[in-house]
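Asks: Please find one structure pasted underneath; my questions will follow.
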Amino acid sequence: MLDMTEPLVPLGAAHYPVGEVQKTKSYAFLLLRDFTLLAFSAAIEPLRIANQLSQKPLYSWSVVSEDGHPVRCSSGVEIAVDGSLQSVGRDTVLLACSGNLKGGNPSKSTLAFLHRHFRTGGEIGGICTGAVALAQAGLLDGRAFTLHWECHPGFVEIFPRLAPSKRRFEIDGRFMTCGGGAAAADMAISIIRKDHGNAFATIVADMCLLRDDAGANLSQRTSVGTILQTRNPGLIEIVKLMTDNIETPLSMDELARAVGYSTRHIERQFRLCVAETPTRFYQNLRLDFARSLITETNLTLFEIAAASGFNSKSYFAKAYSRRFGSPPSRVHHHRRRRAYQSA
């Protein structure tokens with residue numbers, strides 16, 4: 001077992017008293033290959049700040065890897081760990097940290113450990129794309145969960161029965177996940193709020209120089225209206241319909257009927273807000289979706305074209321090249337070669 005009997009309680013100028021600590025809450029961060037450093041640090045720092053503000057051992061934490069060896073993050077920095085996954089006890093909240101749709105390629109023994117930890121009463125979660133490992137461990141069925149928005153398209157293709165939330169984080173009983181980045185801090189602050197109250201959580205957020213929006217748990221991405229620079233509800237609804245209908249695209253007539261606009265009015269509004277036609281805007285959404293599948297999944301180009309709403313593989317390749325400057329086959333081949341070399 002890891003020695004977590006002496007939590008870090010650093011000194012600081014700011015102080016906020018809390019009640020007596022009945023038991024220090026322990027966390028273990030499982031670092032998987034290519035984990036996101038920003039998300040990991042954003043999750044751990046609020047715990048440190050809570051201890052510092054209260055001058056009490058509210059939280060303790062350890063950093064583990066599958067084999068006890070250092071782990072290289074997605075930005076190339078190697079992080080030392082306190083021990084191996086096997087030394088994490090059942091009373092410790094175990095959080096898997098990864099950074100891409102492969103989820104760090106955890107071993108079968110790691111997936112079995114995650115499954116056993118939860119089934120024997122432990123709390124568990126995923127940071128950034130940690131939900132991928134949890135899905136591979138068979139723990140996401142019937143649960144509210146999320147992961148970074150960039151990986152949603154590929155995740156749904158790989159796990160078609162699972163639907164990630166678009167929110168910044170999800171806490172479902174003994175199960176917690178977040179979309180990475182600042183959302184990891186939001187989730188940690190939300191936990192602190194539940195444990196020690198609103199006022200204390202607000203001070204922790206202030207120390208992190210974050211707005212205390214954790215309770216609101218907003219969407220991961222900027223609103224469609226902000227991106228389009230419009231408050232036109234019809235136009236916003238059209239983009240949402242486009243986003244929700246990638247594999248089977250709607251016609252312009254269908255979009256127009258759905259919002260009660262004429263196709264000519266939609267054309268004018270798109271040219272005004274985004275300086276391109278709605279048809280090209282819609283196609284670009286589908287091509288962006290395709291690019292996500294190419295970089296994050298093992299689907300064939302034919303499967304990717306179909307999932308992106310293209311009936312012709314040749315037309316898909318032409319449209320893709322026009323948008324991204326190179327054919328999808330080049331990106332697909334490069335990604336597969338890298339995957340083979342790193343295997």
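Asks: Here is a list: Gly76, Gly99. Which entry is of a type in the set (Gly, Ala, Ser) and buried (at least 17 other Cβ atoms within 10 Å of the Cβ)?
Replies: One residue alone meets the criteria, Gly99.
Asks: Another question about this same structure. Please find, within the stretch 4-32, the residue that is nearest to Glu123 (Cα to Cα) out of those that are modelled with pLDDT of 95 or more and out of contact with any Phe, Trp or Tyr (no Cβ under 8 Å at 6 or more places or on another chain).
Replies: Ranking the qualifying residues of the stretch 4-32, first place goes to Leu30.
Asks: May I ask you to verify whether Thr297 is out of contact with any strand residue (DSSP E or B) (no Cβ under 6 Å at 6 or more places or on another chain) and at pLDDT below 90? Let's see the steps before the verdict.
Replies: Numbers: out of contact with any strand residue (DSSP E or B) (no Cβ under 6 Å at 6 or more places or on another chain): yes; at pLDDT below 90: yes.
Against the criterion (out of contact with any strand residue (DSSP E or B) (no Cβ under 6 Å at 6 or more places or on another chain) and at pLDDT below 90), Thr297 qualifies.
Asks: Scan the stretch 41-67 for residues that are in a loop (DSSP other than H, G, I, E, B) and over 24 Å from the mean Cα position of the chain (by Cα) and jot them down.
Replies: Residues of the stretch 41-67 that are in a loop (DSSP other than H, G, I, E, B), as a first pass: 55-58, 66-67.
Across the stretch 41-67, the qualifying residues are Gln55, Lys56, Pro57, Leu58, Asp67.
Asks: Quick one: how many residues across the stretch 143-169 are touching a strand residue (DSSP E or B) at 6+ places or on another chain (Cβ under 9 Å) and assigned to a loop (DSSP other than H, G, I, E, B)?
Replies: Result for the stretch 143-169: 10.
Asks: Any residue in the stretch 1-13 that's not assigned by TED's automatic domain parsing to the domain that holds Glu45 and hydroxyl-bearing (Ser, Thr, Tyr): show its pairings with residues that are modelled with pLDDT of 50 or more and part of a loop (DSSP other than H, G, I, E, B) at Cβ separation under 9 Å, as long as the two are six or more apart or on different chains.
Replies: Thr5/Thr24
Let's see how each residue does on (1) under 25 Å from the mean Cα position of the chain (by Cα); (2) farther than 14 Å from Val156 by Cα:
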position	(1), (2)
Ala290	yes, no
Asn298	yes, no
Ala305	yes, yes
Ser312	no, yes
Ala319	no, yes
Phe324	yes, yes
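The values are calculated or read from the model by the stated rules, or taken from the named source; none is laboratory data. Note that the structure is a prediction, hence the values are computed from the model and not measured. Every residue, glycine among them, receives a Cβ derived from its backbone with ideal geometry; neighbour counts consider all protein chains shown.
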